[in-house]
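Taking it in order: structure first as structure tokens, then the write-up.
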Amino acid sequence: MDFQIEPAYEAKKHEDSIYKKWEESKAFSPKIDPNKKPFTISLPPPNATGTLHLGHAAMIAIEDIMIRYHRMQGYAALWVPGTDHAAIATQSVVEKKLQAEGIKNPRQELGREKLLLHIRKFVEESRSTIRNQIRKMGASCDWSREKYTMDEDMNVAVNTLFGRMYEDGVIYRGGRIVNWDPNMQTTVADDELEYKEEKAKLYYFKYGPVTISTARPETKFLDKVIVVHPKDKRYKKLVGKEFEFEWIDGPIKAKMIADDCIDMKFGTGAMTITPAHSLVDYELAKRHKLEAPQIIDFNGKIKPEVSKEFAGLSITEARAKIVEKLREKGLLVKIDEDYTHKVAVNYRGKGTIEPQIMKQWFVDVNKKVIQWKKKKCSIKEVLQDCIQSKMIKIVPRRFEKIYFHWIDNLQDWCISRQIWWGHQIPIWHKVTAEQLKILNSKNDTSTLDLERLNINEEVQFSTTQPKSGQWFRDPDTLDTWFSSALWTFATLGWPNHTEDFKYFHPTDVLETGYDILFFWVARMILASTYALRSDKLPEEQCIPFKTVYLHGLIRDINGKKMSKSNPETCIDPLDMIEKYGTDSLRLSLVMGSSPGNDMRLYEEKIAGYRNFVNKIWNASRFALMNIEKKDLDAEFNESMIKSNADKWIMTELQKLIKSADHDLKNHQFSGAGTKIYDFIWNQYCDWYLEISKGGQKNPAVLLYVLKNILKLMHPFVPFVTEAIWSNIGKTMLITEKWPEYNNKFIFKNEAKATELTKEIITKIRSIRSESKVEPGKKIHAFVYGGKNTENIEQDKETIMRLARLETMELSISGEKVKEAKSIFLNDIEIHLPFKGMLDLDKEKKNIQAQIDQKNNFISALEKKLSNKEFIKKAPKEIIEKDMERLNSEKEQLQKLKDQLIEL
RNA sequence: GGGCGCUUAGCUCAGCUGGUUAGAGCAUCUCGUUUACACCGAGAGGGUCGAGAGUUCGAAUCCCUCAGCGCCCACCA
């Protein structure tokens, strides 16, 4: 025995040192090589200050499988890692931290530069955590090319794209209704909203000639319009008229208009509108050219201009008081207590959204400025075309539909955020000396101040202070998704067309959760096509990736979203790595999951795969116990394959290589994994190794199959396979060549003989178990099976050993066995004909049924092919395919007929 | 209101373009320490593939209807 290996695999002992070896070998860093094809993935950058959760773990596992598979296939496989600055999330964490330290209003007290310093320090301190956690997962990504969305060169890229879009008039500043979060004092994009169901009161008030219903009386001060449906008979005569009546702060005048957005069945069918604080009302007001006065200020309080009595009150305070006042005036009709409605909240921080009208920066999605396939196209059209023309494929397919639907409803994208952590908008506003003084007098000057001062519309795009005149830089930063939209190409050096960029872009696969299809995926397509088309690259090089693979969400055992607030079912990937090893965790995240579908994860599943990892380890250990060091040097060739079992396992291995390859190419990772798993455990271990324990030991095949198993399994379980490989390989497994399907190693007849041997053994075992043979009783088996008998003659020893037979008589016909029968009288006897022959009639019937089925099919197909109309209409390929099918079916039919005759 | 997905063994899920007797893991039951592994081995039980109708020689798979669950989108004041 030349190899000394411990009897159990301890992941902790190996993982860190193996990862270090990989890194040091530079296996993760592909060189630009014109003789190789590139394969690129950009890691969706986790939050720089975050920690690894199961979603990340699943993402890394899947991406690493793709990268390792391609690397072994000889691609220059590049996986670019990085982290995201997560603007709102990070700034609010740091602000809260500072507040806890006694700085009540960090923005006001510290000012921009100092606060940013605190944030940078915080990010720097916590950034290594996530990096190390990615390493823990075994990610074979190229750390030498690591990026951070706030890197200096990322800023250059962001500003470059911003500049081009600004010059094209695609980025514009405009007053529009936006989602304002009074808590965080910033705007939020439409798709960053979440809707929470909330129970509320629905108030009915007398409002001039009608009764209106509202859940938000506090916004109703200046409502001057009653809206009804044009077809509503109750109000038809009143439309267009003006009314004067008593309201919250005395008498007001209001006009009635008609619009078909009104639901006649809701409430009384009449409503008033508050354009400044409701997205719907704003659209309606725009259609009817109505005023939109601000009622609630940016802190969520009633403005003094609106009402002296209620000035400065918060929404909830004001609501109660206003309702009380209207009740006193006798205008309150009733209160519906059982009303539920949806409240928009910021998905980060969960603050309630208060729609506001304000000046913000937008990306125009409808302006036709992109030169795309010989036409001027808008962003919207390009986004559509990329998927429609199949330049980009989404896996699974159904998400393409969802994507199109989203684009149809796409509105201009609000890209400015009123926070400081992020890429500051490279725009300068022209101001007067006096205005500049006011703006500079405050630490926390915001875009609201610009609005209050009513500054000049003149702006200039520049990343540095313009020289002549007084200019004030726009205080806002860009939406995080604006910078992460450039991820695929800016990480490769853009705006410079570096060697990396030219070689590795477009990337091959973007793998991410379906929950950020809109947030991120669509925006990456937007940024990439815009930026690279303006570089005059051909269209097919402008897409950020060729395939989008969307994985599902990881849920807990009850199907709920995993959250730390539920520690019983919440799983921390790092705990699992500690307990079961990375390989086990990776398998549990990949196996049994399919793209786009959510998956439940629980500890038992991970433990199950730990058992498998250990099985690989021990199977290898056994194989190596039967191999000598000198065997490692021998080149494997056909003549080394000897027994039926050898030929069978070699044949099975070829089948496995073929199907695993097919699955991996088609993003069916679970399928590939399951097939390899089954091969290792149920074929190699349970049969081949067991057979090997007898006289049929063959180190050459043992080793050859082992090596191939390790290679096939490596993308899934990189650590344990590499650990085993270190005993037998000269170089590391990570850079070994992927197994190739080889016709030479297919042995149909011998493989079939071994299948028969397996069946016989299984059958005897089953009989033994069912008939409850007492321990110590001897079993004598008589096996007879026609012409196949000769083929399994050499497996006699194996059958006897594995089925634990005392004696075995093998014969072509049953006659000889009958004679031998009298020899064994006292012990258990088993008469075992080959498969099916036990019940000859049944077998015959079975085959006859199959023949009938084939006959039916063939006649149906022939009928179809003799139909002249079909021949005329159908495409050639289909007819050819049918012809092929017909021939193969006929062949199969003949085989079945032969079988029947044989019986 | 519109769209999408899921429903397969007790549990968690595979099942790609229709094709032998529908699979796996876990759990259950019965055996078993044998040249690696008890994180093991052998065997067994367990499914009218959500319901109904249709296309087909043939349906878990394709079409339609319905039900339950879940998700996304959208202008319920």
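Per the Cauchy relation, a quarter of the hull surface: what is the mean projected area of the convex hull of the alpha carbons in segment A:261-385, in nm²?
Averaged projected hull area, Cα only: 12.2 nm².
Can you pull the three principal axis extents for the Cα set of segment A:589-731, in Å, largest first?
In descending order, the Cα extents are 48, 30, 26 Å.
Send over the per residue convex hull volume for segment A:660-806, Cα only, as a whole number of Å³. Walk me through the numbers before you get to the answer.
Numbers: hull volume 24.1 nm³, N = 147.
It is 164 Å³ per residue.
Average the reciprocal distances over every distinct pair of alpha-carbons in segment A:58-104, invert the result, and give the Kirkwood radius in Å.
By the Kirkwood definition, the hydrodynamic radius is 13.9 Å.
Heavy-atom accessible area per residue, segment A:136-286, 1.4 Å probe: how many Å²? Mind dumping the intermediate values first?
Details: 6470 Å² over 151 residues.
Result: 43 Å² per residue.
Counting Lys and Arg as +1 and Asp and Glu as -1, each charge on the Cβ, what is the dipole of chain A about the Cα centre in debye, to the nearest 20?
Approximately 1620 debye in magnitude.
Normalised by the empirical 2.2 N^0.38 Å for globular proteins, what value does the Cα Rg of segment A:1-113 take?
1.62
Using the Karplus equation 6.51 cos²θ - 1.76 cosθ + 1.60 (θ = phi - 60°), what ³J(HN,Hα) coupling, rounded to whole Hz, does each residue of segment A:333-344 give in order, writing x for Gly and Pro?
Values, residue by residue: 8, 6, 10, 8, 7, 9, 10, 10, 9, 9, 10, 7 Hz.
Amide H neighbours of A:A76 under 5 Å, at least 5 residues apart or on other chains, H built in the peptide plane: list them.
The list, which skips near neighbours in sequence, is A:K37, A:F39.
Using the structure shown, select from A:K96/A:K325; A:K864/A:K895; A:K642/A:K665; A:K758/A:K778 the pairs with a Cα to Cα distance greater than 29 angstrom.
Check vs 29 Å cut-off fails for A:K96/A:K325; A:K642/A:K665.
Which order, highest average first, do A:559-566, A:588-595 follow once you tally other Cβ atoms within 10 Å for each residue and take the mean per peptide?
A:588-595, A:559-566
Tell me the per residue accessible area of segment A:334-407 using a 1.4 Å probe; a whole number in Å² is fine.
50 Å²
Can you give me the % of accessible surface on segment A:371-510 that is carbon or sulfur? Probe 1.4 Å, all protein chains present, nothing else counted.
Exposed carbon and sulfur together represent 48 percent of the surface.
Residue by residue, what Karplus-based ³J(HN,Hα) values in Hz, rounded to whole numbers, does segment A:85-94 have, using 6.51, -1.76 and 1.60 with θ = phi - 60° and x for Gly and Pro?
With coefficients 6.51, -1.76 and 1.60, one gets 7, 6, 2, 4, 4, 5, 4, 6, 5, 5 Hz.
Based on alpha-carbon centroids, what's the gap between segment A:219-265 and segment A:128-179 in Å, whole number please?
Measuring centre to centre over Cα atoms gives 48 Å.
Compare A:C542, A:C570 by solvent-accessible area with a 1.4 Å probe and give them largest first, with all protein chains kept in place.
On the way: A:C542 0, A:C570 40 Å².
Greatest to least solvent exposure: A:C570, A:C542.
Rounded, prolate or oblate: pick one for segment A:656-720, where a ≥ b ≥ c are the square roots of the eigenvalues of its C-alpha gyration tensor, a/c under 1.5 means rounded, and failing that, prolate if a/b is larger than b/c, else oblate.
It comes out prolate by the Cα gyration axes.
For segment A:186-306, what are the per-bin percents of Cα-Cα distances with bins 10 Å wide, up to the bin holding the maximum?
Histogramming segment A:186-306 at 10 Å steps yields 12, 41, 36, 11, 0 percent.
Which value in Å is the Kirkwood Rh of segment A:144-186 over different Cα pairs?
13.2 Å
Could you tell me how many cubic angstrom of Cα convex hull volume segment A:413-527 has per residue? Spell out each step's value before the answer.
Working: hull volume 15.2 nm³, N = 115.
Per-residue hull volume (Cα only) is 132 Å³.
Could you give the distance between the Cα centres of segment A:347-379 and segment A:528-592, to the whole Å?
27 Å
Can you tell me what the convex hull of the Cα atoms of segment A:388-465 projects to on average, as an area in nm²?
On the way: hull surface 34.6 nm².
One quarter of the hull surface, i.e. the mean projection, equals 8.7 nm².
Based on alpha-carbon positions alone, could you give the equivalent ellipsoid semi-axes of segment A:176-218 from the gyration tensor, as √(5λ), descending, whole Å?
Working from the Cα gyration tensor, I get semi-axes of 29, 14, 10 Å.
Could you pull out every residue, at least 5 positions away or on a different chain, whose amide H is within less than 5 Å of the one on A:S811? Hs are placed 1.01 Å off N in the peptide plane, and Pro or chain starts have none.
A:V783, A:Y784, A:G785
Evaluated at 20 °C with a viscosity of 1.002 mPa s, what Stokes-Einstein diffusion coefficient in µm²/s does chain A have when Rh comes from the Kirkwood expression over alpha-carbon pairs? Write out the running numbers ahead of the final one.
Details: Rh = 33.5 Å.
Answer, rounded: 64 µm²/s.
Which value results when the Cα radius of gyration for segment A:466-615 is divided by 2.2 N^0.38 Å?
Normalised by 2.2 N^0.38 Å, the Cα Rg of segment A:466-615 equals 1.44.
Sort A:Y172, A:Y602, A:Y688, A:Y9 by accessible area with a 1.4 Å probe, largest first. Write down the numbers at each step before the final one.
Values: A:Y172 60, A:Y602 85, A:Y688 0, A:Y9 30 Å².
Highest to lowest solvent-accessible surface, that is A:Y602, A:Y172, A:Y9, A:Y688.
To the nearest 10 square angstrom, what accessible area does A:F501 show with a 1.4 Å probe?
10 Å²
In what order, largest first, do A:H229, A:H118 sit by accessible area if the probe radius is 1.4 Å? Each step should come with its number before you reach the end.
Numbers: A:H229 25, A:H118 75 Å².
Largest to smallest exposure gives the sequence A:H118, A:H229.
Using amide H atoms built in the peptide plane, which far-off residues or other-chain residues are under 5 Å from A:V548 H to H?
Excluding prolines and chain starts, which carry no amide H, the hits are A:K393, A:I394, A:V395, A:L510.
Quick check on segment A:1-66: what does the Kirkwood estimate of hydrodynamic radius come out to from the alpha carbon pairs, in Å?
The answer is 15.6 Å.
Kindly rank A:76-83, A:789-796 from highest to lowest mean number of other beta carbons found within 10 Å of each residue.
Sorting A:76-83, A:789-796 by mean packing, highest first, produces A:76-83, A:789-796.
Return the whole-Å distance between the Cα centroid of segment A:395-453 and the Cα centroid of segment A:636-667.
Each part reduced to its Cα centre gives a spacing of 59 Å.
What part of the accessible area of segment A:641-681, given as a whole %, is carbon or sulfur when the probe is 1.4 angstrom? Can you show the working numbers first?
Numbers: 760 of 1430 Å².
Carbon plus sulfur share of accessible area: 53 percent.
Once the whole set of protein chains is in place, how much accessible area is left on A:E309, using a 1.4 Å probe, in Å² to the nearest 10?
Taking all protein chains as shown, A:E309 has close to 110 Å².
Keeping the other protein chains in place, figure out the carbon and sulfur percent of the accessible area of segment A:1-151, with a 1.4 Å probe. Show your work: numbers first, answer last.
Values: 3330 of 6530 Å².
Roughly 51 percent of what the probe reaches on segment A:1-151 is carbon or sulfur.
Ratio to report: Rg/Rh of segment A:592-655, with Cα atoms as the point set and Rh obtained by the Kirkwood method; give two decimals.
1.16
Label segment A:313-461 by shape, choosing from rounded, prolate and oblate, from the square roots a ≥ b ≥ c of the eigenvalues of the Cα gyration tensor; if a/c is under 1.5 it is rounded, and otherwise prolate applies when a/b is larger than b/c, oblate when it is not.
Taking the square roots of the gyration eigenvalues as a ≥ b ≥ c, segment A:313-461 is oblate.
The values are calculated or read from the model by the stated rules, or taken from the named source; none is laboratory data. Keep in mind it's a predicted model, so treat the numbers as computed, not measured. Note: ideal-geometry Cβ built from the backbone for every residue, glycine included; neighbour counts use all protein chains shown. The accessibility values were calculated without ligands, DNA or RNA, using every heavy atom of the protein model including side chains. Shrake-Rupley method; radii C 1.70, N 1.55, O 1.52, S 1.80 Å.
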